[in-house]
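Please read the structure below before turning to the comments.
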Amino acid sequence: IQNKELQLYYQPQYNVVNNEIVGAEALIRLEDKEMGFIPPATLLELAEETGVIIDIGYWALQSACRRGKIWNESGFENLFVGVNLSVKQFFDLNLVSKIKAVIESTKFDPNYLELEITETALMHDTDRALQIINKLKDIGIKISLDDFGTGYSSLSHLKLFPIDKLKIDQLFISNADLQGRDGIIISSILELCNKLNIEAVAEGVETKESLNFLGKNKCPLAQGYYFSPPLTVEKFEAMIASKDN
Ligand code: C2E
Ligand code: MG
Ligand code: MG
């Protein structure tokens, strides 16, 4: 952080029906002078072990909100920004006050901030998790449940927690057998989301075939290499600017 070596890349999220970019997920990148790009999984695992994940998490939040504010003010007023939260950060006692401070200092409209959490964060202490989520939602922040389908995939989580979005894990989508069991699982999750008023996002959309399948099964949102990989700020801005014209 001090050497300014961390970067956020942004991967666009698309409306499946009209193919418009609705927002972007911020994804962390570290480029080392000698080792090149460090895979995020390696970086995050180490950061989690040493505890610096908390500092990295707030750096990412601050940086993404600053960027979101710039975008919202430069003609992309409805673009949301998604930020991943680690479990440790989710349970940081100062989470809510720190997020409020970030929102105050960046002046980013919290209605356009989405926090992505995994079910692991909801498992350990359901009551506390619910309290935290309610406080975040009171500020106007949206909650997105990441990687759904690989972990606990608990229906009681969908019942208990007021989540806004559910991201179907790429395991069911990239390289998936859409005519077989994967397809049945995806369409069932989509039906459940539509009925529960939770916006579904398909992650890891890599082919036209997957996109067609998602469209047919009323999946509102999608993200993946078929549309775009995560991009530098400059490339992401060029992309939204060209779409706008
Ligand atoms: P995630 O939140 O589920 O992010 C989606 C991952 O899928 C990203 O990997 C993205 O580059 C990748 N991806 C996107 N489209 C496709 C596709 O079409 N096919 C395939 N095979 N992969 C695709 P990435 O950037 O390596 O990040 C990995 C994980 O690291 C993220 O998973 C997230 O859990 C975590 N992460 C990334 N940035 C942050 C951060 O700032 N804070 C925290 N706490 N975690 C982060
Ligand atoms: Mg995510
Ligand atoms: Mg995910």
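Overall shape of region 147-245 was characterised from the C-alpha gyration tensor. The equivalent ellipsoid obtained from it has semi-axes of 25, 17, 12 Å, in decreasing order.
Among the protein heavy atoms of the chain, carbon and sulfur supply 51% of the accessible surface, probe 1.4 Å, non-protein parts ignored. Too long at a 31 Å Cα-Cα cut-off: which of LYS88/LYS165; LYS33/LYS243; LYS159/LYS208; LYS142/LYS218; LYS137/LYS208; LYS4/LYS98? Flagged as over cut-off: LYS33/LYS243; LYS159/LYS208; LYS137/LYS208. Positive-end ranking of ILE53, ASN19, PRO39 along the dipole of region 14-71, with charges on Cβ about the Cα centre, is headed by ASN19. Short-range pairs are left out: with C-alpha atoms under 8 Å and at least six residues apart, the relative contact order of the chain is 20 percent.
On a per residue basis, the chain carries 51 Å² of accessible surface, using protein heavy atoms and a 1.4 Å probe.
Computed on region 72-141, with alpha-carbon pairs under 8 angstrom and 6+ residues apart, the relative contact order is 40 percent. Beta bridges from DSSP with both residues in region 20-118: antiparallel share about 25 percent, rounded to the nearest 5. Only bridges with both residues in the chain count here: give the DSSP antiparallel percent, nearest 5. Around 40 percent of the beta bridges assigned by DSSP in the chain are antiparallel ones. Both radii come from the Cα set of region 101-163: Rg as radius of gyration, Rh as Kirkwood radius; their ratio Rg/Rh reads 1.01.
Shape class for region 21-114: oblate, because the ratio a/c of the largest to smallest gyration tensor axis (alpha-carbon atoms, square roots of eigenvalues) is 1.5 or more and b/c is at least a/b.
Judged by the ratio a/c of the largest to the smallest principal axis of the C-alpha gyration tensor, the chain counts as rounded, that ratio being less than 1.5.
The values are calculated or read from the model by the stated rules, or taken from the named source; none is laboratory data. Computed from a predicted model, the values in this text were never measured in an experiment. We place every Cβ from the backbone using ideal geometry, glycine too, and count neighbours over all the protein chains shown. To get the accessible areas, we keep the full protein, side chains included, count just its heavy atoms, and leave off ligands, DNA and RNA. Shrake-Rupley method; radii C 1.70, N 1.55, O 1.52, S 1.80 Å.
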